[in-house]
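Everything on this sheet refers to the single structure shown next.
What follows is calculated from the coordinates using simple rules that are stated; it is not laboratory data. The structure displayed is predicted, hence computed values, not measured ones. Because the Cβ atoms are built from the backbone with ideal geometry, glycine has one as well, and the counts that use them run over all protein chains shown.
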Amino acid sequence: MEEFEVACLGSAIVDVFIEASDDDLRRLGLARSSMTLVGREVAMEVATLHVAKEVKSGGSAANTAAALANLGVSTTFCGLFDNDELGERFSQEMREAGVSVFREFESPNLGTGRCLVFVTDDGERTMATYLGSASAINGAIVETYLERPAKVLYVEGYLLEVASVFETLRHLAPDLRRRGVKVVLSLSDRYLVERIFGSLLDLLKVGVITNLLGNEGEFEALMGVSDVRAVAETFLKDGFEGAITCGGEGVIGFGNGEIVEVPADTSGPVVDTTGAGDLFASGYLYGLVRGKGLRSACEIGVACATEVISHFGARPERSLIDLIEPYLGSV
């Protein structure tokens, strides 16, 4: 059985961009500039009444997987979707990106998950997300997926809200350690951290998680302090590795007995920050699996994030491997 460098576990989501007016938003009960979870009825109503301007595959861990493949890392992705138009599009675009897509599950028939991105004439974005089939993932599917060998398992934090997924990861901790698999968790969202605080602490205590990635707000929610340097020192002392992204202030990385600070690249335009965290994760994971060292991993992460914020969309538009060439010699 082929060993992948990185196995990604997350939500299969398709981003559907729609031109809308403020009246459209009011009729759908959506607050401007917000992100709201909606039911199937709303998603279907939107599909009936609005013509999509653009459709792109998305999902946090899926974005990271696509960028990893762009970097030449052998990558697989597990997330549930249906055999519908959006599901086939998601699968095709992931394969075209170079990602091996796990398909050993029955179609949940809930409709492929989608993030409806309403763009008003002033450029403001309002998002309504229907998780659909992505919400049907369970521990049994995850356990089957993890039978495939990989050096690193990258987990989208949102999945820990699914009790059976949490229990499966906890149950598999001894086997993952025995196999030498690094388990990297994306904290995903500070409000998520608050909701699953107890579960996160449990996974950290039993040794499931080896590496943590998140922004300063997410780490503050986890640790209860805003001093990111102190947070990094605490995790380092407890034997963890990872990185804390701090927007325009750069990144603090920790691991292997050291803490490094890498500045943000502010030389280019900032057009859309949607995929910044996902692309930072791809660069960090590249450094991790290729043995590039902590500083290099964080520098590569910053370079990848800088590319994706320079344009609309959460997937890279140029070759990342060419972009990171200057950082491959640093340690």
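The H on the amide N of Glu19, modeled in the peptide plane, is under 5 Å from the matching H of Lys53, Val119, each at least 5 residues off or on a different chain.
In units of the compact-protein estimate 2.2 N^0.38 Å, the stretch 178-331 shows a Cα radius of gyration of 1.01. Can you count the Lys pairs in the chain whose Cα atoms are under 29 Å apart, with each pair 8 or more apart or on different chains? Lysine pairs meeting both conditions in the chain amount to 11.
Relative to the Cα centre, the charge distribution of the stretch 177-331, modelled as +1 at Lys and Arg Cβ and -1 at Asp and Glu Cβ, gives a dipole magnitude of about 780 debye. Seen from every direction in turn and averaged, the convex hull around the alpha carbons of the stretch 116-218 projects onto 7.9 nm².
Looking at the chain, the DSSP beta bridges with both ends there are about 40 percent antiparallel. Just name one of Gly29, Val46, Gly59: the one whose Cα is farthest towards the positive end of the charge dipole of the stretch 9-61 (beta-carbon charges, Lys/Arg +1, Asp/Glu -1). Checked the options; the winner is Gly59.
Residues Val270, Val101, ranked from the fewest to the most other C-beta atoms within 10 Å, line up as Val270, Val101. In the chain, the ratio of gyration radius to Kirkwood radius, Rg to Rh, stands at 0.95 when only Cα atoms are counted.
Residues of the stretch 110-140 with an amide N closer than 16 Å to a point placed 7 Å from the Cα of Arg170 along the Cα-to-Cβ direction: 139-140. Between the amide H of Gly58 and those of Ile13, Val14, Asp15, distances stay under 5 Å, these residues lying 5 or more places away or on another chain, with hydrogens modeled in the peptide plane. About its Cα centre, the dipole of the stretch 44-173 is roughly 420 debye, where the only charges are +1 on Lys and Arg Cβ and -1 on Asp and Glu Cβ.
Taking Cβ atoms as reference points and 14 Å as the exclusive limit, the residues near Ile309 contribute a net charge of -3, counting Lys and Arg as +1 and Asp and Glu as -1.
Within the listed set Thr64, Thr168, Thr75, the residue fluctuating most in the Gaussian network model of the chain (springs between alpha-carbon atoms under 10 angstrom) is Thr168. Per-residue 3J(HN,Hα) values for the stretch 13-26, derived from phi via the Karplus relation 6.51 cos²θ - 1.76 cosθ + 1.60 with θ = phi - 60°, read 10, 10, 8, 10, 8, 9, 6, 9, 9, 4, 5, 4, 5, 5 Hz in sequence order (x marks Gly and Pro). Build a GNM of the chain with springs between Cα atoms under 10 Å apart, and of Leu71, Leu146, Leu30 the one that fluctuates most is Leu30.
If only the Cβ of Lys and Arg carry +1 and only the Cβ of Asp and Glu carry -1, the dipole of the chain around its Cα centre is close to 800 debye. Using Cα atoms only, what is the angle between the long axis of helix 294-308 and the major principal axis of the chain, expressed in degrees (0 to 90) to the nearest 10? Long axis of 294-308 versus the principal axis of the chain: about 20 degrees. With angles folded into 0 to 90 degrees, how steeply does helix 163-178 sit against the dominant principal axis of the chain? Use alpha carbons for both and round to 10. Helix 163-178 sits at roughly 30 degrees to that axis. Sequentially through the stretch 60-73, phi angles give Karplus couplings (6.51, -1.76, 1.60; θ = phi - 60°) of 4, 5, 5, 4, 4, 4, 4, 5, 4, 5, 4, 7, x, 8 Hz, Gly and Pro residues having no value and appearing as x. Ranking of Glu241, Glu2 by neighbouring Cβ atoms within 10 Å, starting from the fewest: Glu2, Glu241.
Counting only alpha carbon atoms, the long axis of helix 40-49 and the longest principal axis of the chain meet at about 60°.
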